[in-house]
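Below is one structure, written out as C-alpha cells, with a few remarks after it.
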Amino acid sequence: MDLSPLQRARYEYQPKLPSILTEAIDTVIPVKGESTSPSSDQDQIKALFPNTYGLNKVTFAKGNNEEIKKQINVGVILSGGQAPGGHNVISGLFDAIKKANPESKLYGFKGGPSGIIEDDTMEITSEYLDKFRNTGGFDIIGSGRTKLETKEQFELAKQTCQKHNISAVVIIGGDDSNTNAAVLAEYFLQQKANIQVIGCPKTIDGDLKNDEIEVSFGFDTATKTYSELIGNIERDANSAKKYWHFIKVMGRSASHIALECALETQPNICLVSEEIEANKTSLAGVVEYISDVIAKRGNKGLNFGVIIIPEGLVEFIPEVKALIDELNDLLAKKADLYSKLTSTEEQVDFIISNVSSESAAVFSILPSSIQMQLLMDRDPHGNVQVSRIETDKLLIEMVAKQLDKMKKDGTYTGKFSAQNHFFGYEGRCAFPSNFDADYCYSLGFNAFMLIASGLSGYLSSVKNLSAPARDWVAGGIPITMMMNMEQRHGELKPVIKKALVELDGAPFNYFKAHRDQWAIDTCFTFPGAIQYYGPESVCDLTTRTLALEQSK
C-alpha cells in the first residue's frame, strides 16, 4: 500500500509522556487523594452506585510495584463519534500492557460496545497496531453507539470477558459512553465478576471536562482543523471583499468549538449559545444583532465578513427550544394523525393549529425549508434532529430580509451576498496534533496504570495540560463524581453532566472584551495548518481555551 510522506513519518513519531510514566513501570505506585462526591443528587447517585460512590482521587508516585508484572488480558472499546487520537489511546494502553508483561494481551471489541455483547473480538498485535499509530480515525477496531444499560447486556459482556480471560475493559468515549462505563463497573463489582472498567475522556465537542478532566481528547485537533479552514475563508473574504460567510461548526450541546475557533481566528461575529440562552435572546434578536454588524461594516464599504455559528444554536434560543419541545410532544402523541397528512400545506396547518400561539408565531416566520426540516428529519425516538437543521441557511435568509428593511429605511447602504459552510466531519478524523497524540498516548498508558492499581469505575485523568508533557500529572478520578440525575426518555437517569461554556470563565471573557472591535474592524488571524515538526512553541501549542483557563 502506498503511503503519503506524512503518514509514513507519523508512524515513527514517539509520543511524549508525563515524567512519572517514563519511570520503570514496576517503580510506580498509586497514591490515594481525597474522597469524592458529585456536585448534586448525592443520595440518588450513592444509592445507584454503592460500590463506586465516594472513591478517592488517585495520582502516581515512585515506589516498589512488583505486582504490576503479572500477566493479564485487557479489552478495549471505541464508543460514539470519532475523535482524533483514539488510535493513540490504544497504542499507549498496548505499550504499557506489554511493558509490564510481554505475555499480557490486548483485545479489541469491534464496532463499539456491541462488540463486547456479541463477542466480536480480535487480539491487537504489535504488527497490526503499528500502522495506526499517530493517525486519525477509529478504523483500527471501529466504533458504535450501542448503549450498555440492561442486565442482559451486562451479562453478555461478562460472558465475553470470561471467555477470553479478560480482567479489565477500557471504554474510550464521551459523557454517555463513560456513564455506561460507570454502570458496567458497578454491575461487575456487584456480581463479583473480577472485571475492572476504566474510561477515557473523548469528544471533539469539548463538553466532557471539569477540574480533573481539563480537556477531552480530539478537541485540540478538531478546532485547529476548523480554525485553519476558517482562516482560509477569512483570507478569501478579505481578498474578494464581497461575501459574508456563515460558518456552522460542530458542537450540539455546547459552544466550546465555536468559541475556540473564534479565539483562533477573530471573526466578525461568533454566536455563543450559552450566552443567548442566559440573555433570553429571541431569534429576532439574533437576526437583528447580525444585521446591525453587517450594516455597520457595509456602510463603511466593507461588504464582507465571517460569522461562526455553533451547531446546536437553535436549541438555546428560548422560543425555538419551546417550539421544538412542543413539536416533539405533539408528533409523539398524534403520530398516527400526522402520518395521514400528505401535503406540505396540511402539515404546516396541522402544526400551527396544535401548538401554542407563541410557538405557532415562531413556526410561521421560519423559512419553509427549515419548517420541513423540523417536521421531517426525526430521530428513532421521534425527536427533531437538531444537528440537521441548517441554521446557517436559516440565518442567511432572515438576515437578508432584515437588511432589505434597513435599506428601505436608509440605515443600510451596503451590499449583502452570503455563502454558507458546515465544518463537522472534516475535523473528526484528522491526523492528531502533537498535543492530542501525546495526550491520548498518555491517557491510554495511564489507563493501564489504573488497572494495575486494582481500580474500577475510574476515568483516566492527565492534568496540567498547558505545561510541557513531562510536567503533566497522571492519575484517575471516580466517574461517579461527575454525575447528576437527568430526565432521559421519561425517567430520571444518572449521566455525566455536560460542561457548557462558562460565561464567567477566562476564554469567554477574553472573547467578550474583544468582539466589538472584531465585529467592525477586519481583525482576522490565520492559524494555518497543524504543524507536526519544528519548534515546540509552534508544534506543541495547546488551544487558546486551555491556555486562557490556565492563565498561560
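The values are calculated or read from the model by the stated rules, or taken from the named source; none is laboratory data. No experiment lies behind these values; they were computed from the predicted model shown. Methodologically, a virtual Cβ is constructed for each residue, glycine included, from the backbone with ideal geometry; neighbour enumeration extends over all protein chains shown.
Looking for whichever is surrounded by fewer than 18 Cβ atoms within 10 Å (Cβ to Cβ) and either aliphatic (A, V, I, L, M) or assigned by TED's automatic domain parsing to the domain that holds residue 200 (or both) here; the options are 506, 474. Which one fits? I'd like the intermediate steps shown before the answer.
Details: 474 fails: surrounded by fewer than 18 Cβ atoms within 10 Å (Cβ to Cβ).
Result of the check over 506, 474: 506.
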*All positions within region 82-103 that are closer than 26 Å to residue 472 by Cβ and either surrounded by fewer than 19 Cβ atoms within 10 Å (Cβ to Cβ) or not assigned by TED's automatic domain parsing to the domain that holds residue 135 (or both)*: 98, 99, 101
*Matching residues, region 475-501, being more than 18 Å from residue 35 (Cβ to Cβ) and of a type in the set (Val, Ile, Thr)*: 495, 496, 501
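Just to be sure, is residue 56 over 23 Å from residue 457 (Cβ atoms) and either surrounded by fewer than 20 Cβ atoms within 10 Å (Cβ to Cβ) or in contact with a helix residue (DSSP H, G or I) (Cβ under 9 Å, 6 or more places away or on another chain) (or both)?
Numbers: over 23 Å from residue 457 (Cβ atoms): no; either surrounded by fewer than 20 Cβ atoms within 10 Å (Cβ to Cβ) or in contact with a helix residue (DSSP H, G or I) (Cβ under 9 Å, 6 or more places away or on another chain) (or both): yes.
The answer is no for residue 56.
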_Out of 64, 51, 73, I need the residue that is within 22 Å of residue 186 (Cα to Cα), at pLDDT 95 or above and in contact with an Asp or Glu (Cβ under 8 Å, 6 or more places away or on another chain). Which one?_
51
*If you take the residues in region 98-154 that are among the β-branched types (Val, Ile, Thr) and touching a Ser or Thr at 6+ places or on another chain (Cβ under 6 Å), which one is modelled with the highest pLDDT?*
116
*asked:* With the structure loaded, tell me whether residue 19 is more than 27 Å from the chain's Cα centre (by Cα), in contact (Cβ under 8 Å) with a residue 60 or more places away in the chain and loosely packed, with under 15 Cβ neighbours inside 10 Å or whether it fails that test.
replied: yes
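Please count how many residues of region 302-319 are of a type in the set (D, E, K, R) and either surrounded by fewer than 24 Cβ atoms within 10 Å (Cβ to Cβ) or in a helix (DSSP H, G or I) (or both). Show your work before the answer.
The initial filter retains those residues of region 302-319 that are of a type in the set (D, E, K, R), namely 311, 315, 319.
Checking the rest, the ones that are also either surrounded by fewer than 24 Cβ atoms within 10 Å (Cβ to Cβ) or in a helix (DSSP H, G or I) (or both) come to 315, 319.
So the answer is 2.
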*asked:* Among the residues of region 318-338, are any of a type in the set (Ser, Thr, Tyr) and modelled with pLDDT of 95 or more?
replied: no
_helices (runs of 4 or more DSSP H) contained entirely in region 320-412, each with at least 3 residues that are assigned by TED's automatic domain parsing to the domain that holds residue 291 and hydrophobic (A, V, I, L, M, F, W, C)_ = 344-354, 357-365, 368-376, 391-408
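Out of all the residues in region 426-444, is one or more closer than 15 Å to residue 58 by Cα and in contact (Cβ under 8 Å) with a residue 40 or more places away in the chain? Full working, then the answer.
Just the residues of region 426-444 that are closer than 15 Å to residue 58 by Cα, to begin with: 443.
When the remaining residues are screened for being in contact (Cβ under 8 Å) with a residue 40 or more places away in the chain, the result is 443.
The answer is yes; a qualifying residue exists.
Within region 220-247, take every residue that is of a type in the set (A, V, I, L, M, F, W, C) and surrounded by 24 or more Cβ atoms within 10 Å (Cβ to Cβ) and give me the one that is nearest to the chain's Cα centre (by Cα).
Step one: list which residues in region 220-247 are of a type in the set (A, V, I, L, M, F, W, C), which gives 222, 229-230, 233, 237, 240, 244, 246-247.
Subset that is surrounded by 24 or more Cβ atoms within 10 Å (Cβ to Cβ): 222, 230, 244, 246-247.
Numbers: 222: 10, 230: 19, 244: 28, 246: 22, 247: 18 Å.
Among them, the one singled out is 222.
Quickly run through region 1-58 and pick out the residues that are basic (Lys, Arg), assigned to a helix (DSSP H, G or I) and assigned by TED's automatic domain parsing to the domain that holds residue 482. Steps first, answer last, please.
Kept after step one, since they are basic (Lys, Arg), are these residues of region 1-58: 8, 10, 16, 32, 46, 57.
The next check asks that each one be assigned to a helix (DSSP H, G or I); those that pass are 8, 10, 46.
46, the sole residue that qualifies.
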_Contact list please: Cβ distance under 6 Å, first residue in region 248-266 and under 21 Å from residue 394 (Cα atoms), second residue of a type in the set (Ser, Thr, Tyr) and not in a helix (DSSP H, G or I), pairs at least six apart or on different chains._
none
*Restricting attention to region 339-361, does a residue exist that is surrounded by 16 or more Cβ atoms within 10 Å (Cβ to Cβ) and within 26 Å of the chain's Cα centre (by Cα)?*
no
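Return yes when residue 147 is part of a loop (DSSP other than H, G, I, E, B), in contact (Cβ under 8 Å) with a residue 24 or more places away in the chain and not hydroxyl-bearing (Ser, Thr, Tyr) and no when it is not. First the steps, then the outcome.
Numbers: part of a loop (DSSP other than H, G, I, E, B): yes; in contact (Cβ under 8 Å) with a residue 24 or more places away in the chain: yes; not hydroxyl-bearing (Ser, Thr, Tyr): yes.
Answer is yes for this residue.
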